[in-house]
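Engineer: Sharing a structure, written as structure tokens. Questions coming.
The values are calculated or read from the model by the stated rules, or taken from the named source; none is laboratory data. Everything numeric in this text was worked out from a predicted model, so none of it was measured. Positions of Cβ are backbone-derived with ideal geometry, glycine not excepted, and every protein chain shown enters the neighbour counts. Heads up: the accessible areas ignore ligands, DNA and RNA and are worked out on the full protein's heavy atoms, side chains in. Shrake-Rupley method; radii C 1.70, N 1.55, O 1.52, S 1.80 Å.
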Amino acid sequence: MNGEARKWPIAIAVQALGGQGGGVLVDWIVDLAEHGGFVAQATSVAGVAQRTGATIYYIEMLPRSVLPADGRQAVLAQMPVPGEVDIVIASELMEAGRAVQRGFVTPDRTVVIASSHRNYSADEKTVPGNGIADATAVTEAVRAQARRLIEHDMQALAVRHASVISASLFGALAGSGELPFAQEAFEETVRRGGVGVEPSLRAFRAAAELARRPQQAAPQPDPMITPPSPLPQRAASAALQPLVDRIRRVFPEAAWAMLGAGLARVVEFQDAAYGEEYLDRMERVLEWARRCGNDAQAHALTAEAARQVAVAMAYDDIIRVADLKTRSERFERVRAEVGARAGDVVAIEEYFHPRLEELCSLLPARLGAWVESSPRLRAWLGPRLDRGRRVRSATVLGYLQLRALAQLRRRRRGTLRHRRERAHLEAWLARVEAASARDPALALEIVRCRRLVKGYSDTHARGTSRFDRMMAAADLLAGRPDAAAALARLREAALGDASGAKLQAHWSALGLPASG
């Protein structure tokens, strides 16, 4: 870079989510500039977006050599100005998109350095189905507006080198060649920081090398599709080996991977006996699938049922939530996300909003049903339960409270929730069996409708309500030549709109009765 021929100052905007080390990255850039003979100024404005808040950092720098000889100091801006930003650094793909929206990216000037990974926003998560924004469209929009785009998964690169994303982004900045400093100067800056130096340098160098390579547009993988791992030859334990052998013996090879993934999920949810129950159900589905007379339809029905039956059996309840929140890998992940160092204390505060229904669901089936059927008891318990609670899972008391809930897993089969989930599952499979005999395509769509049911508490109630409506639609559509296609349209409408307006519009367009 020919620094003396360019326009000063250099303007850099950094957009980072909370916990991603944006402040560390900015400190490094300022330190680099000041040790390189520059005057530098950094400011930050916190925002509320995505998970823990997005912050816009802004840096301006210029060499001391261009300052007036009479001792006057430079007056530097405190916020980025649209059309006047040289470098945008985005710690997440959508932050790069927001930089374009804000006008910080211009084709004749701005170099964008972005991590391609995603931290999904609240809006993306609240859609019942796949509400994830099109990452490819965002990337292409940034590429079209930027003078140059450097894009890699900086988060994954940092994790591979046991570091944090700020080190990767700093390395990409060095590799871009957009600042008038040698890579050695960047590395000395990291060393002066004095914390996590070696892991940071490993991530830094890997990112710098990637940034120097010619950038090629790569297709973004579908975040909703995770291909299952191949069925292992040997199970993780001797107790599970008969189940793995049963899959190989009974089911077609094309379904082994999905069945293995489903089996792992239900066993992790409960136990090996629950895995036997899963394979019993899947043998029934296989028998129905063979009626299709079409190998492609039979495989599609078996594979989709392997996924959805496992999800239905490993439903989300308070017991599972408590178990997941107290696992060691979860604490490690949270520490990594906030950039905690060895010896740092990280406090985690969990928020729960239990309802009377959640209490009843944990009780033995008969007792829970009795409590629900008693208006007086419900009136007394409801106000006492229906309020938010905060539990600090990183404290001894909070952790023990959640572990006590998780230990109810042993009694799960006797709870009211399990009895209801089992009845709901069997009713759904009965519809699949009936449809498979006369309309295999409709049977497959009935299986796919199970995607609507997810989560627990209010989320589960809303999803179950929509799923039940899909089952009512399947009954009404049975016998129509377009039954499968019509049910698929209804399902996608239900998945694509939390308000229910799209579903109602499609329902009316199909001429289905309003009472459905």
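Engineer: Which translational diffusion coefficient, to the nearest whole µm²/s, is obtained for the stretch 297-369 from the Stokes-Einstein equation, given a Kirkwood hydrodynamic radius over C-alpha pairs, 37 °C and 0.692 mPa s?
Structural biologist: This corresponds to a translational diffusion coefficient of 205 µm²/s.
Engineer: Another question about this same structure. For a test of understanding, tell me how many lysine pairs in the chain have Cα atoms under 25 Å apart, given they are 8 or more places apart or on different chains.
Structural biologist: 5
Engineer: Here's something else I'd like to know. So, with +1 on the Cβ of K and R and -1 on the Cβ of D and E, and no other charges, what is the size of the charge dipole of the stretch 370-451 about its Cα centre, to the nearest 20 debye?
Structural biologist: Magnitude of the dipole: close to 620 debye.
Engineer: Regarding the chain, what's the average projected area of the Cα-atom convex hull, expressed in nm²?
Structural biologist: Its average projected convex-hull area is 30.0 nm².
Engineer: So how much slack lies between Arg109 and Thr136, counting 0.36 nm per residue of separation and subtracting their Cα-Cα distance, in nm?
Structural biologist: Answer, rounded to one decimal: 7.4 nm.
Engineer: Here is a follow-up. What does the C-alpha gyration tensor say about the overall shape of the stretch 142-218? Classify as rounded when a/c is under 1.5, otherwise prolate if a/b is larger than b/c, or oblate.
Structural biologist: It is oblate, given that a/c is not under 1.5 and a/b is not larger than b/c.
Engineer: Continuing with this model, one more query. Report the label-to-label distance for Ser508 and Arg192 in nanometres (one decimal), using points 7 Å from each Cα along the Cα→Cβ vector.
Structural biologist: Between Ser508 and Arg192, the simple spin-label model gives 6.6 nm.
Engineer: Report the GluC sites (Glu not before Pro) located in the stretch 329-399 that are in a DSSP loop and have at most 16 other Cβ atoms inside 10 Å of their Cβ, or state none.
Structural biologist: none
Engineer: Using 0.36 nm per residue of separation minus the Cα-Cα distance, give me the extension gain between Thr395 and Arg249 in nm, one decimal.
Structural biologist: Value of the extension gain: 47.8 nm.
Engineer: Then there is this: Where only protein heavy atoms count, and the probe is 1.4 Å, what is the accessible area per residue for the chain in Å²?
Structural biologist: Per-residue value: 49 Å².
Engineer: Would you mind checking the tilt of helix 396-406 against the longest principal axis of the Cα atoms of the chain, expressed as 0 to 90 degrees and rounded to 10?
Structural biologist: Approximately 30 degrees, to the nearest 10.
Engineer: Sticking with this structure for a sec: Treating only the Cβ atoms of Lys and Arg (+1) and Asp and Glu (-1) as charged, compute the dipole magnitude of the chain about its Cα centre; round to the nearest 20 debye.
Structural biologist: I would put it at about 1820 debye.
Engineer: Further question on the same structure: Sort 505-513, 381-389, 300-308, 78-86 for me by packing, meaning the mean count of neighbouring Cβ atoms within 10 Å per residue, highest on top.
Structural biologist: Output ranking for 505-513, 381-389, 300-308, 78-86: 300-308, 78-86, 505-513, 381-389.
Engineer: Oh, and also: Suppose the chain between Ala156 and Ala239 were pulled fully straight at 0.36 nm per residue; how much longer would it get relative to their current alpha carbon spacing?
Structural biologist: Extra length from Ala156 to Ala239 when fully extended: 26.4 nm.
Engineer: Tell me whether the stretch 422-505 comes out rounded, prolate or oblate; compute the Cα gyration tensor, take square roots of the eigenvalues as a ≥ b ≥ c, and use a/c under 1.5 as the rounded threshold.
Structural biologist: Oblate, since a/c reaches 1.5 and b/c is not below a/b.
Engineer: Hey, another quick one. Taking the Cα atoms only, what angle lies between the long axis of helix 135-145 and the longest principal axis of the chain, rounded to 10 degrees?
Structural biologist: Between helix and principal axis, roughly 20 degrees.
Engineer: Rounded to the nearest 10 degrees, what's the angle between the helix 272-289 long axis and the longest principal axis of the chain, both from Cα atoms, 0 to 90?
Structural biologist: 70 degrees
Engineer: In whole percent, how big is the carbon plus sulfur part of the accessible area of the stretch 368-516, probe 1.4 Å, protein atoms only?
Structural biologist: On the stretch 368-516, the fraction of accessible area on carbon and sulfur atoms equals 55 percent.
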